[in-house]
Amino acid sequence: MAGEPIVAVDLINTVAPPGSLMAEDLLSNDRDAEAWWQIEGSRVPDGERPDIRALRRLRSALRETIEALVDGRPLPQAAVSDLNFFTRSVPASTRLLLTGNRLRAETQWHEEYGGNPRLAFIAAQAAGFLSDPGQISRLRRCANPACLMIFVAVNPRRSWCAPGVCGNRVRVARHYRRTGGA
């Protein structure tokens with residue numbers, strides 16, 4: 001699952017939540033984490049690949065927070081504190097670059113203060129998204145009862161994490177029930 005408007009949603013979908021039938025952790029080792037960074041790398045700042053434990057800690061905090069928002073539950077303070085830890089772990093500043101006769105704004109991540117710019121970026125991007133009620137209202141769980149993926153419904157009619165996968169599975173199952181398996 002990749003390609004959601006914010007990297008945080010792609011990150012939380014690398015593992016199914018507790019109690020799910022799908023218990024696969026797509027960040028179970030360094031090789032799997034490297035594959036994930038290959039997919040998401042162009043969407044985050046350059047820098048060292050973060051420690052896998054830190055990546056999992058950020059993922060856990062994001063998952064807890066986003067699930068609470070989707071389910072309308074109280075926000076877990078510990079998860080919000082973890083997200084704040086990551087957002088402030090690498091300060092960023094904007095600078096202007098002169099390119100020909102035009103100015104271009106660029107974010108500079110200050111690694112000299114410690115932390116990892118990739119994780120700080122994901123957390124900061126999530127903070128901006130999750131603090132906007134309009135954006136939160138677009139967060140959805142997949143309509144397939146066997147899937148617990150979360151996605152951002154850019155189209156308000158979207159109800160599947162991946163229409164070609166979960167959407168087809170549900171439609172095939174519904175057809176099978178209607179036709180008696182014929």
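Would you check if residue 136 is surrounded by fewer than 17 Cβ atoms within 10 Å (Cβ to Cβ), in contact with a Leu (Cβ under 8 Å, 6 or more places away or on another chain) and in contact (Cβ under 8 Å) with a residue 12 or more places away in the chain?
yes
Under the condition of being part of a strand (DSSP E or B), among the small types (Gly, Ala, Ser) and touching a residue at least 12 places away in the same chain (Cβ under 8 Å), which residue from region 87-129 is farthest from residue 152 (Cα to Cα)?
The qualifying residue farthest from residue 152 (Cα to Cα) is 93.
Kindly evaluate residue 63 against the criterion of being under 24 Å from residue 111 (Cα atoms), surrounded by 14 or more Cβ atoms within 10 Å (Cβ to Cβ) and either modelled with pLDDT under 90 or within 12 Å of the chain's Cα centre (by Cα) (or both).
No.
Would you confirm whether any residue within region 102-114 is in contact with a Pro (Cβ under 8 Å, 6 or more places away or on another chain) and within 21 Å of residue 14 (Cβ to Cβ)?
There is no residue in region 102-114 that is in contact with a Pro (Cβ under 8 Å, 6 or more places away or on another chain) and within 21 Å of residue 14 (Cβ to Cβ).
What's the number of the only condition in (1) within 21 Å of residue 121 (Cα to Cα); (2) in contact with a helix residue (DSSP H, G or I) (Cβ under 8 Å, 6 or more places away or on another chain); (3) not acidic (Asp, Glu) that residue 108 fails to meet?
Only one criterion is unmet by residue 108, namely (2).
Considering only residues that are touching a helix residue (DSSP H, G or I) at 6+ places or on another chain (Cβ under 8 Å) and closer than 25 Å to residue 77 by Cβ, look in region 26-51 and name the one that is modelled with the highest pLDDT.
So the residue we want is 50.
For region 68-81, indicate whether the set of residues that are within 17 Å of residue 4 (Cβ to Cβ) and of a type outside the set (S, T, N, Q) is non-empty.
Yes, region 68-81 contains a residue that is within 17 Å of residue 4 (Cβ to Cβ) and of a type outside the set (S, T, N, Q).
Could you say which residue among 31, 73, 53 is farther than 27 Å from residue 111 by Cβ, of a type outside the set (Val, Ile, Thr) and either more than 16 Å from the chain's Cα centre (by Cα) or not in a helix (DSSP H, G or I) (or both)?
Selected residue: 73, the only one of 31, 73, 53 that is farther than 27 Å from residue 111 by Cβ, of a type outside the set (Val, Ile, Thr) and either more than 16 Å from the chain's Cα centre (by Cα) or not in a helix (DSSP H, G or I) (or both).
Only one residue in 169, 157 is surrounded by 15 or more Cβ atoms within 10 Å (Cβ to Cβ), farther than 29 Å from residue 34 by Cβ and modelled with pLDDT under 90. Which one?
Being surrounded by 15 or more Cβ atoms within 10 Å (Cβ to Cβ), farther than 29 Å from residue 34 by Cβ and modelled with pLDDT under 90 holds for just one of 169, 157, which is 169.
The values are calculated or read from the model by the stated rules, or taken from the named source; none is laboratory data. Worth saying up front: this structure is predicted, and the values here are computed from it rather than measured. Neighbour counts run over all protein chains shown; Cβ positions are idealised from the backbone, glycine included.
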